[in-house]
Amino acid sequence: MQYGFYFDALKCTGCEACVDACCQRCGTSRSEACRTVTRYEGGVWEEAADGTCSTTLFTYFLSLSCHHCSAPPCVDACPSHAKLKNAATGIVTADASKCIGCGACASACPYEAPKHDPVRRRTHVCDACADAFGSHPEPACVSACSEHALAFDDIDRLRAAHGSLASVPPLPAPDLTQPNLVLNMAPVMLSSFMKRAAVSGAAR
């Protein structure tokens with residue numbers, strides 16, 4: 001079984017209750033929070049020859065943490081073998097007793113999921129509240145979301161229910177690490193940034 005996260009951008013209000021729950025559960029500051037909420041926006045107003053205007057403007061929030069990738073670069077990059085991928089659940093975990101705080105895992109991750117503290121020389125990553133796994137129905141961030149914008153389950157079930165979209169700007173292409181993540185975005189969000197990307201590509 002491989003677990004993963006589902007995020008619904010149509011429901012997220014950017015309240016960051018998920019971040020607060022993560023900090024409280026893990027005992028970290030916001031700068032070290034395993035989950036982050038990012039606002040992404042872009043697009044332009046365009047005027048046609050007849051004087052009418054149209055827009056490609058868009059904005060949305062992304063609530064993200066470790067995606068427990070099928071090909072996690074953080075695991076391969078760790079010189080002390082402190083990063084592990086659980087064979088039974090697919091969850092990436094960190095063994096604090098082995099971590100030397102070098103930050104190699106954080107540098108290797110294109111999602112910046114591992115949080116590195118160079119002062120205290122430690123690096124930690126979202127483990128989906130693994131120490132409560134089996135006794136708690138869902139990670140703290142999922143439980144805290146009043147809008148039900150987050151879910152955590154077997155990735156095959158999530159994909160069957162919500163599709164397989166796993167990358168939108170500013171996220172990297174999913175083939176890099178094979179993230180176990182499913183996203184739900186409004187068609188207008190997708191069409192806006194896809195149009196923007198097409199214009200950008202044509203200009204090169």
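The values are calculated or read from the model by the stated rules, or taken from the named source; none is laboratory data. Remember, predicted model here, so these are calculated numbers, not experimental data. Protein only, heavy atoms only, side chains kept; ligands, DNA and RNA dropped before computing areas. Shrake-Rupley method; radii C 1.70, N 1.55, O 1.52, S 1.80 Å.
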Beta bridge orientation in the chain: antiparallel %, DSSP, nearest 5: 80
Within straight cross-link reach of Lys11, meaning Cα distance under 14 Å, which aspartates and glutamates are found once same-chain residues fewer than 8 apart are removed? Glu147
Given springs between every Cα pair under 10 Å in a Gaussian network model of the chain, which of Thr55, Thr13, Thr123 has the largest fluctuation? Thr55
Select from Glu41, Glu138, Glu32 the residue whose mean-square fluctuation is largest in a Gaussian network model of the chain (Cα-Cα springs shorter than 10 Å). Glu41
Which ³J(HN,Hα) values, rounded to whole Hz and listed in residue order, are derived for segment 15-28 from phi using the Karplus coefficients 6.51, -1.76 and 1.60 in 6.51 cos²θ - 1.76 cosθ + 1.60 with θ = phi - 60°, glycine and proline given as x? 6, 6, 4, 5, 5, 4, 5, 5, 4, 5, 5, 9, x, 10
Expected 222 nm ellipticity per residue - DSSP helices of 4 or more, -39500 (n - 2.57), all of the chain, to 500: -6500 deg cm²/dmol
Accessible surface of segment 57-159, 1.4 Å probe, proportion on carbon and sulfur as whole %: 53
Accessible area per residue for the chain in Å², computed with a 1.4 Å probe and the full protein assembly in place, what is it? 52
